1. Per residue, what volume in Å³ does the convex hull of the Cα atoms of region 367-428 enclose?
2. Pull up all non-local amide H partners of L182: gap of 5 or more, or a different chain, and H-to-H distance under 5 Å with H placed in the peptide plane.
3. Of W389, W417, W197, how do they rank once you tally other Cβ atoms within 10 Å and put the fewest first?
4. Quick one: grab Rg to one decimal and Dmax as a whole number for the chain, Cα atoms only, in Å.
5. Treat every Asp and Glu Cβ in region 367-428 as -1 and every Lys and Arg Cβ as +1, leave all other atoms uncharged, and give the resulting dipole magnitude about the Cα centre to the nearest 20 debye.
6. Please name which of H261, I62, F219 has its Cα lying farthest along the dipole of the chain towards the positive end, using unit charges on Cβ (Lys, Arg +1; Asp, Glu -1) and the Cα centre as origin.
7. Taking 0.36 nm per residue of sequence separation and subtracting the Cα-Cα distance, how much length would be gained by fully extending the chain between D23 and R60, in nm to one decimal?
8. Using only alpha carbon positions, build the gyration tensor of region 240-289, then give the equivalent ellipsoid semi-axes as the square roots of 5 times its eigenvalues, largest first, whole angstrom.
Amino acid sequence: MNELDSEIIAGILTKRGLSETTDETLADLLIFNTCSIRDLAERKVMGKLGKLGRQKKRDRIIGVTGCMANAKKEAIFQKLPHVDFILGTNNIHDLNCLLDEVILTGAQSIRTDEEFTQELDYIAAKRQDKSKAYVSIIRGCDKYCTYCVVPYTRGPEVSRTPQSILEECRELVAQGYKEISLLGQNVNSYGKDKPEWKYLFHDLLYEIDKIEGLNRVRFLTSHPVDISRELMGAIRDLPSLCEQVHFPLQAGSNRILKKMHRLYTKEEYFEKVALLKELVPDVALGTDIIVGFPTETDEEFEETYEAMRQVRYATSFLYTYSPRKGTPAMRWVDDIPESIKAERHQRLLDLHREISSELMAEKLGQEVEVLVEKRSKDGNYLRGLTRCWRHVLFEGADSCIGSIQTVKLTGYSHQTWMGQMGKASIETL
Ligand code: SF4
């Protein structure tokens with residue numbers, strides 16, 4: 001979501017007549033589009049901003065946008081008086097006004113609304129990628145997991161109208177985009193904030209699938225509670241919808257899940273995973289897991305470990321718990337020693353590597369559909385993305401970049417497959 005917001009900000013500034021520089025010292029305007037999900041991300045930005053303050057040029061404008069802007073508000077000005085403006089996640093549309101204010105008055109300016117109320121010019125976004133694009137469908141979150149700042153930094157859920165989403169998707173396909181990732185803090189609750197629409201996430205997917213020329217659709221991220229039978233049916237039935245679902249477990253113990261306010265039990269989660277695997281046997285599952293949540297016992301961690309072994313996730317984002325200011329979990333003592341958190345994290349990481357290698361080995365010899373993205377860093381291979389969200393390296397000509405090819409999987413290393421472009425693909429080039 002932050003990446004897309006950065007692309008929209010870049011689009012607004014380009015329309016204003018500004019051009020981008022990769023040399024920070026030449027910039028007249030520097031914007032830090034921040035993330036608050038982890039303490040480390042915030043500390044990095046504060047450190048970088050502090051350093052810039054010591055070297056600030058008089059005529060350079062510095063702005064802070066993103067979740068940190070909403071979480072810290074004026075406190076940023078107090079700590080970093082050289083920051084000129086603060087623009088919250090729900091105020092991107094105010095960027096031009098705010099810049100005018102700063103330029104005309106020289107005074108510090110701030111806008112941080114609690115709720116997203118105004119549509120953005122998504123089509124003007126300056127996208128980094130030429131074949132894959134993000135499309136925002138819902139902003140904010142109503143789930144209030146006890147460890148998470150998002151409901152406080154991005155506000156309540158606000159679904160974007162289907163018409164506007166479909167219009168943007170059609171425009172992207174007309175521009176040559178092959179893959180669209182539908183974005184939201186919880187895409188599965190799309191439409192639930194607008195009961196009068198009688199239009200939910202799976203309804204949107206069925207309509208997007210009808211867009212001619214659109215090869216692939218993905219979505220991120222999901223909350224297990226809102227992963228419905230209808231959605232699973234859509235993944236099974238719609239040709240464009242990739243067989244890949246981020247299904248964040250967070251913890252394998254019912255007591256910890258309750259303390260996290262995740263709204264499902266381990267058993268309910270397993271039931272949904274089993275149904276999805278039955279309907280879409282080839283589905284690649286991903287997860288987020290937090291270890292060392294306050295009061296997590298060794299036995300409760302073992303339940304998470306076992307859950308991971310049972311589900312066999314293809315991708316895992318594993319975190320050690322860190323308290324975030326403003327969240328309900330802050331009222332509990334962060335009582336799990338860092339050394340134990342690190343040990344639990346390492347055990348999950350090792351298990352994930354083992355499972356991921358097994359899953360990759362199982363696919364060797366198969367032909368898969370690959371969206372060719374670019375040349376590998378060493379220049380020797382083409383790099384592409386499978387429908388199940390894995391990278392593949394293979395030999396081929398630059399003319400393949402941006403196209404979809406069939407590649408036979410011949411080997412793998414860590415999280416990346418090696419492959420050979422199919423004969424049919426080469427012949428059609
Ligand atoms: S569902 Fe996701 S974004 Fe929403 S509060 Fe929970 S972890 Fe945060």
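1. On the way: hull volume 4.6 nm³, N = 62.
Given the Cα convex hull of region 367-428, per-residue volume reads 74 Å³.
2. V135, R218, F219, L220
3. Working: W389 18, W417 23, W197 14.
Lowest count first: W197, W389, W417.
4. Calculated on Cα positions, Rg and Dmax stand at 22.6, 65 Å.
5. It works out to roughly 180 debye.
6. Among H261, I62, F219, the one farthest towards the positive end of the dipole of the chain is I62.
7. Value of the extension gain: 11.9 nm.
8. Working: eigenvalues 105, 26, 10 Å².
Value: 23, 11, 7 Å, ordered largest first.
Each value in this text was obtained by applying a stated rule to the coordinates, not by laboratory testing. If you're wondering where the values come from, they're calculated on a predicted model, not measured in any experiment. Note: ideal-geometry Cβ built from the backbone for every residue, glycine included; neighbour counts use all protein chains shown.
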